[in-house]
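All remarks here apply to the structure that follows.
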Amino acid sequence: MNKKIIFIFLILIIGCKTEESTTIEVNLDFINTYIPDINNGKKIFNYSCVTCHLYGSAGATILTDKKSWLELIEKKTNERIYLNVLNGFMGEKGPMPEKGACINCSDTDLLDAIEYILSINGLTLKNQKLNMNNNQ
Ligand code: HEC
């Protein structure tokens, strides 16, 4: 009985996460001008993202996996990464939940959390922008 309910619940979750549509509309310009608050990011990370990203549960990239995080910021734009965190998405290794399951998080809370993860690895979204500009 319980198993059935859990199964239905899972189907619902997976069903929602595979939708590609962008449900939350947001002006993305602020991503490239806002100033990260790494301490706030750490708080948000430890409140929510930690569940999956500390040890790589559910297919999530491990916090200290520098190679993967570097690959991410090299491959995707700041905007794409942010939208994937905001709306959730189906990654190759698993589903990332909407807002990283931090329902009450604001736009900058989420960005701070992303920047915190990157900062642990000596990386930042901003550098990506700067590096790209420098290389052009
Ligand atoms: C329920 C587990 C879970 C939680 C909680 C979670 N994540 Fe994720 N996250 C994932 C998975 C799974 C992926 C996709 C991995 C893959 O397949 O590449 C992912 C991917 C990401 C990515 C890469 C996005 C991209 O475009 O590839 C970022 C950045 C990220 N998470 C940040 C966060 C932040 C910030 C939080 C907390 C606010 C958070 N995550 C909470 C599971 C989680």
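Taking 19 Å as the limit for the C-alpha separation, the pairs 42/66; 42/76; 42/93; 66/93; 43/99 exceed it in the case of 42/76; 42/93.
The order of the peptides 27-34, 59-66, 111-118 by mean Cβ neighbours within 10 Å, most packed first, is 111-118, 59-66, 27-34. For residue 39 and residue 67, the FRET efficiency from 1/(1 + (r/R0)^6), where r spans their Cβ atoms and R0 equals 22 Å, is about 0.30.
One chain, two ends: residue 75 and residue 28. Fully extended at 0.36 nm per residue, the span grows by 15.1 nm beyond their Cα-Cα distance.
Quick note: the coordinates plus some simple rules give every number you see, no bench work behind them. Note that the structure is predicted; figures quoted are calculated from it, not measured. Note that each Cβ is placed from the backbone with ideal geometry, even for glycine, and that neighbours are counted across all protein chains shown.
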